[in-house]
Amino acid sequence: MKIGILISGSGSNMIKLIESCQNDKNASINIVISNNPDAKGIDFAKSKNIKTKIINHKEFSQREDFDNQINNILIENKIDFLCNAGFMRIHGEKFVEKWFNKHLNIHPALLPSFKGLNTHERAIKSGVKFAGCTVHLVRSGVDEGPIIGQAVTSVDAHDDKDSLAEKVLKLEHKLYPKCLKLFTEKLVKVKNDKVIFSDKAIKILDDFKV
Ligand code: GRF
């Protein structure tokens, strides 16, 4: 399976996905695309000899043109599966359709709570005692789509948005590669927007049981 990754920033999740595919015979990371020319993650991908591409959203007046440009690059590179890893742009419906059930996102909250931005700040303010991250299939609603995996941490009395972000990011780094593996090894199926987990998939996700 040829995988493309979309990033906008530091790319720490991207690094974990790259590392997890390094010795994988079923999957390879073939391209990393960033909308942000200054994304740090691009340098790491280059250092691993992975093809990179900057597609700066600011150069497009229409979202659809930006989406099409990304899609064209993915097609040119024969990409089969797509992972958003800290990609901070919203995809248009047509793009979502094109990658339907072949496209994952990671969100730093326990969906369906705290969709969108500033998740940790909102979680702290709300007083929740548990937080975490979610890997889900991409649908056209922001941070919506069938959930593949979640990982949970406690929110302690002394936590602030930064300490919570740090705890959640550590979980993201563990969860995302495992969720991707469920697809590269064909351990899950999606029927009528429901994810069906094979026994092996359930075992892999057992690490995140609470
Ligand atoms: C992560 O929490 C990711 O979920 C969010 O942005 C943060 C940074 O991600 N959307 P990364 O280091 O660029 O992977």
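The values are calculated or read from the model by the stated rules, or taken from the named source; none is laboratory data. All of these numbers come straight from a predicted model, not from anything done at the bench. The accessibility values were calculated without ligands, DNA or RNA, using every heavy atom of the protein model including side chains. Shrake-Rupley method; radii C 1.70, N 1.55, O 1.52, S 1.80 Å.
Quick one: the Cα spread of the chain along its three principal axes, in angstroms, biggest first?
Principal extents (Cα only, largest first): 48, 40, 36 Å.
Find the accessible area per residue for the chain; the probe is 1.4 Å, ligands and nucleic acids are left out, and the unit is Å². Please report the intermediate quantities before stating the final value.
Numbers: 11080 Å² over 210 residues.
Value returned for the chain: 53 Å² of accessible area per residue.
So for Lys46, Lys53, what's the accessible-area order with a 1.4 Å probe, most first?
Details: Lys46 115, Lys53 80 Å².
Result, largest first: Lys46, Lys53.
Going down the list Lys16/Lys170; Lys25/Lys186; Lys94/Lys191; Lys2/Lys78, which pairs span over 18 Å between their C-alpha atoms?
Working: Lys16/Lys170 11 Å; Lys25/Lys186 13 Å; Lys94/Lys191 20 Å; Lys2/Lys78 7 Å.
From the list (Lys16/Lys170; Lys25/Lys186; Lys94/Lys191; Lys2/Lys78), the Cα-Cα distance tops 18 Å for Lys94/Lys191.
Run through every distinct alpha carbon pair of the stretch 61-102 and return the Kirkwood hydrodynamic radius in angstroms, one decimal place.
Working: mean 1/r = 0.0922 Å⁻¹.
That comes to 10.8 Å for the stretch 61-102.
Scale the Cα Rg of the stretch 29-147 by the rule-of-thumb value 2.2 N^0.38 Å and send over the ratio, two decimals.
Details: Rg = 15.3 Å, N = 119, 2.2 N^0.38 = 13.5 Å.
The reported ratio for this selection is 1.13.
Can I get the semi-axes of the stretch 106-210's equivalent ellipsoid? Compute them from the C-alpha gyration tensor as square roots of 5 times the eigenvalues, in angstrom, largest first. Write out the running numbers ahead of the final one.
Details: eigenvalues 130, 47, 20 Å².
For the stretch 106-210, the ellipsoid semi-axes come out as 25, 15, 10 Å.
Would you rank Phe100, Phe130 by solvent-accessible area, highest first, keeping every protein chain in place and using a 1.4 Å probe?
Numbers: Phe100 80, Phe130 130 Å².
Largest accessible area first, the list is Phe130, Phe100.
So what are the three principal axis dimensions of the stretch 149-210 from its Cα atoms, in whole Å, longest to shortest?
For the stretch 149-210, the Cα extents along the three principal axes come out at 41, 20, 18 Å.
Given the whole protein assembly as supplied and a 1.4 Å probe, what does the accessible area of Glu121 come to in Å², nearest 10?
Spelled out: Glu121, probe radius 1.4 Å, area about 80 Å².
When all protein chains stay in place, what accessible area (Å², nearest 10, 1.4 Å probe) is found for Arg89?
The accessible area comes out at roughly 100 Å².
For the stretch 1-99, what class follows from the C-alpha gyration tensor (a ≥ b ≥ c being the square roots of its eigenvalues): rounded when a/c is under 1.5, otherwise prolate if a/b is larger than b/c, else oblate?
On the way: a/c = 2.00, a/b = 1.36, b/c = 1.47.
Oblate, since a/c reaches 1.5 and b/c is not below a/b.
Round to the nearest 10 and report in Å² the accessible area of Cys133, as given by a 1.4 Å probe over the protein chains' heavy atoms.
For Cys133, solvent-accessible area is about 0 Å².
With the chain treated as a Gaussian network of Cα nodes joined by springs under 10 Å, which of Pro112, Pro146, Pro177 yields the largest mean-square fluctuation?
Of the options given, Pro112 has the highest mean-square fluctuation.
Round to a whole number: what % of the accessible area of the stretch 18-147 belongs to carbon and sulfur, probe 1.4 Å?
Values: 3200 of 6830 Å².
Reported share for carbon and sulfur atoms: 47 percent.
Compute the length gained on full extension between Ser47 and Asp24: take 0.36 nm times their separation in residues and subtract their Cα-Cα distance, giving the result in nm to one decimal.
Numbers: separation 23, 0.36 × 23 = 8.28 nm, distance 1.87 nm.
Stretched out fully, the Ser47 to Asp24 stretch lengthens by 6.4 nm.
Top to bottom by accessible area (1.4 Å), largest first, where do Thr134, Thr153 land?
Numbers: Thr134 0, Thr153 25 Å².
Accessible-area ranking of Thr134, Thr153, largest first: Thr153, Thr134.
Report the extension gain between Ile54 and Ile90 in nm, rounded to one decimal, defined as 0.36 nm multiplied by the number of residues separating them, less their alpha carbon distance.
Working: separation 36, 0.36 × 36 = 12.96 nm, distance 1.64 nm.
Between Ile54 and Ile90, full extension yields 11.3 nm more.
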